[in-house]
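Working notes for the structure below.
The values are calculated or read from the model by the stated rules, or taken from the named source; none is laboratory data. This structure is a prediction, so every number in the text was calculated from the model and none was measured. So basically every Cβ, Gly included, is an ideal-geometry build from the backbone, and we count neighbours across all protein chains shown. We work out accessible area using only protein heavy atoms, side chains counted, and drop any ligands, DNA or RNA first. Shrake-Rupley method; radii C 1.70, N 1.55, O 1.52, S 1.80 Å.
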Amino acid sequence: MQHHTVIEPFRIKVVEPIRMTSTEEREIRLQEAHFNPFLLHSEDVLIDLLTDSGTSAMSAEQWAAIMRGDESYAGATSWLRLEKVIQDLTGCPYVLPTHQGRAAEHLLYTRIGGQGKIFFSNTLFDTTRANIEYSGATGIDLPAPESRDAGQWYPFKGNLDTTRLEAGIRESGPENVAAVILTVTNNSGGGQPVSMANAREVAAICRRYGVRFILDACRIAENAWFIHQREPGMSAMTCREIAQEMFRLADGCIMSAKKDALVNMGGFLALKDLELALQCRTVLIITEGYSTYGGLSGRDMEAMAQGLEEVFHHDYLHYRIHSTAYLEEKLIDMGIPMIQPAGGHAVYIDAGALYPHLPPHLYPGQALVCELYRLGGIRCCEIGSVMFGRYDQDGKLVPATRELVRLAIPRRVYTQSHMDYVIETFGGVLNRRDKVKGLRIDWEPPFLRHFTARFEEVPHS
Ligand code: F0G
């Protein structure tokens, strides 16, 4: 018999209770958190969709691997296992373990960046951009034109615009381009996938001009699933083979293991160039730890090695991408304005379109984030003018291109009934649509303000 219901391909061995709360209690918690869910305590959250990063449930095999962790300072068995798994996957001989993705970014981008250097990307993630700008270099996003069409289905909306890339490299002079970074999937661009054809074109342009090509590979397994499903001629390859092929095109990669390596902490930098690897390794030893553990303990490395194997299992990826699409489709059916199609790890709601009465300076995305917590105890994250807004010389807000809210789905953590609860909460969101108040920023730090900013509600005028 052919079944249509896609079940979670695991049984639950350990459970973590969720503390139930009332709307009244959550209203108080929201005010205490200054209308910024980053400031909430997690025990006050029912369904935490803030991020898919470091929030995965580990498998029995990963927990078993943790017991085998070898905590030797140098040359630990756990390191050798992890190094081999990463070498086989990425084709990069030189592997540098770090405590998370941004530590690897810091090692590489401060080394190859600096004043006058340029990085091109489909879209840089915010920590990637911050590391590039911190080095004095400039980061330029060149997303493919399809990415701007929020409501339209395209198979690979995460692609990089290769025409603009080539023009950009010529204009800047190839010697000034520190690297081209392809983020797979394209997180800030809606979790959309990048095609193999696009990666091949990027690689060819980079080779032609002698420019370094780096993959930001933290969701490469999810990206491989989309290629397997959507790209002509690719369905005969396994997702792991597709990922290997993509890695083969690049000169190196950075991976936050907190996503597709199914662990709670970890990351790595892997390179093909020995000289560059040695330079980065020196900084690794100064700032993270000795080269055979970086910022990690032996047990972390065991869990990561195991996770990197498990994440490519066909049944896992089928369920994973299906569960994201399930949430997306139900919300579209209800008339919630969404970025389409669903990304791999998250769905993105267009809060600007949901709340047309709230202009960007009243932060419609943040208003929706607060509303989801108030009505359902759901925590999620604004990706709009709170995160990306800037001020001009007169102190006026220059808004982000879109006022989005991201519901990121932790791996193997929530079941379909949790998602049904989220969908039901959106019914309440729609009912109160016109009543929702905007927010004003009461206090903000100079960098990455979305984490700690404090807000006040603005009464309707
Ligand atoms: N690159 C991408 C594409 C990311 O999404 C992240 C993290 C990083 C790099 C940095 O990795 O957190 O291990 O230092 N993204 C998380 C998120 C925080 O919620 O999307 P990290």
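Restricting attention to the stretch 158-187, report how many residues are of a type in the set (Ser, Thr, Tyr) and open to solvent by less than 10 Å² (accessible area, probe 1.4 Å).
The total comes to 2.
Yes or no: the stretch 242-250 includes at least one residue that is open to solvent by 40 Å² or more (accessible area, probe 1.4 Å), of a type in the set (Phe, Trp, Tyr) and in the same structural domain as Gly173 (by TED's automatic domain parsing). Spell out the reasoning first.
Filtering the stretch 242-250 down to residues open to solvent by 40 Å² or more (accessible area, probe 1.4 Å) leaves 244, 248.
Within this subset, residues satisfying the condition of being of a type in the set (Phe, Trp, Tyr) are none.
Looking through the stretch 242-250, none of the residues is open to solvent by 40 Å² or more (accessible area, probe 1.4 Å), of a type in the set (Phe, Trp, Tyr) and in the same structural domain as Gly173 (by TED's automatic domain parsing).
Out of the residues in the stretch 92-126 meeting the condition of being among the small types (Gly, Ala, Ser) and under 18 Å from Cys280 (Cα atoms), tell me which one is farthest from the ligand (Cβ to nearest atom).
Step one: of the stretch 92-126, the residues among the small types (Gly, Ala, Ser) are 101, 103-104, 113-114, 116, 121.
Okay, now just the ones that are also under 18 Å from Cys280 (Cα atoms), so 101, 103-104, 113-114.
Details: Gly101: 3, Ala103: 7, Ala104: 8, Gly113: 15, Gly114: 20 Å.
Per the stated criteria, the residue is Gly114.
In the stretch 281-317, what residues are small (Gly, Ala, Ser) and within 30 Å of Phe226 (Cα to Cα)?
Step one: filter the stretch 281-317 for residues small (Gly, Ala, Ser), giving 289, 291, 294-295, 297-298, 303, 305, 307.
Answer for the stretch 281-317, where residues must be small (Gly, Ala, Ser) and within 30 Å of Phe226 (Cα to Cα): Ala303, Ala305, Gly307.
Kindly establish whether Ala346 is of a type outside the set (S, T, N, Q), buried (at least 24 other Cβ atoms within 10 Å of the Cβ) and assigned by TED's automatic domain parsing to the domain that holds Arg406. I'd like the intermediate steps shown before the answer.
Working: of a type outside the set (S, T, N, Q): yes; buried (at least 24 other Cβ atoms within 10 Å of the Cβ): yes; assigned by TED's automatic domain parsing to the domain that holds Arg406: yes.
Against the criterion (of a type outside the set (S, T, N, Q), buried (at least 24 other Cβ atoms within 10 Å of the Cβ) and assigned by TED's automatic domain parsing to the domain that holds Arg406), Ala346 qualifies.
Out of all the residues in the stretch 72-98, which are surrounded by fewer than 19 Cβ atoms within 10 Å (Cβ to Cβ) and closer than 22 Å to Ala179 by Cβ?
Gln87, Gly91, Pro93
Taking Gly395 as the residue in question, decide whether it is closer than 30 Å to Tyr316 by Cα and more than 16 Å from the ligand (Cβ to nearest atom). Give the derivation first.
Working: closer than 30 Å to Tyr316 by Cα: no; more than 16 Å from the ligand (Cβ to nearest atom): yes.
Taking the combined requirement at face value, the residue does not satisfy it.
Can you tell which of Arg412, Arg433 is among the basic types (Lys, Arg) and on the phi > 0 side of the Ramachandran plot? Please lay out each step first, then the result.
Numbers: Arg433 fails: on the phi > 0 side of the Ramachandran plot.
Going through Arg412, Arg433 in turn, the sole match is Arg412.
Pull out all pairs, ordered by first then second residue, where Cβ-Cβ is under 9 Å, the residues are six or more apart or on different chains, the first lies in the stretch 208-235 and is more than 16 Å from Thr324 (Cα to Cα), and the second is open to solvent by 20 Å² or more (accessible area, probe 1.4 Å) and modelled with pLDDT under 95.
Matching pairs, first to second residue: Asp216/Phe125; Cys218/Phe125.
What number of residues within the stretch 427-455 are part of a loop (DSSP other than H, G, I, E, B) and free of Cβ contacts under 8 Å to residues at least 12 places away in the same chain? Don't jump to the end; show me each part of the working.
Of all residues in the stretch 427-455, those part of a loop (DSSP other than H, G, I, E, B) come to 432, 436-437, 444-448, 452-453.
From the residues that got through so far, the ones that are free of Cβ contacts under 8 Å to residues at least 12 places away in the same chain too are 444-446.
Of the residues in that region, 3 qualify.
Filter the stretch 100-129 down to residues that are open to solvent by 30 Å² or more (accessible area, probe 1.4 Å) and farther than 21 Å from Arg164 by Cβ and give me whichever is farthest from the chain's Cα centre (by Cα).
Filtering first and then ranking leaves Gln115.
Does Pro145 count as more than 16 Å from the ligand (Cβ to nearest atom) and either within 14 Å of Ala178 (Cβ to Cβ) or assigned by TED's automatic domain parsing to the domain that holds Gln244 (or both)? Lay out the reasoning, then the answer.
Values: more than 16 Å from the ligand (Cβ to nearest atom): yes; either within 14 Å of Ala178 (Cβ to Cβ) or assigned by TED's automatic domain parsing to the domain that holds Gln244 (or both): yes.
Against the criterion (more than 16 Å from the ligand (Cβ to nearest atom) and either within 14 Å of Ala178 (Cβ to Cβ) or assigned by TED's automatic domain parsing to the domain that holds Gln244 (or both)), Pro145 qualifies.
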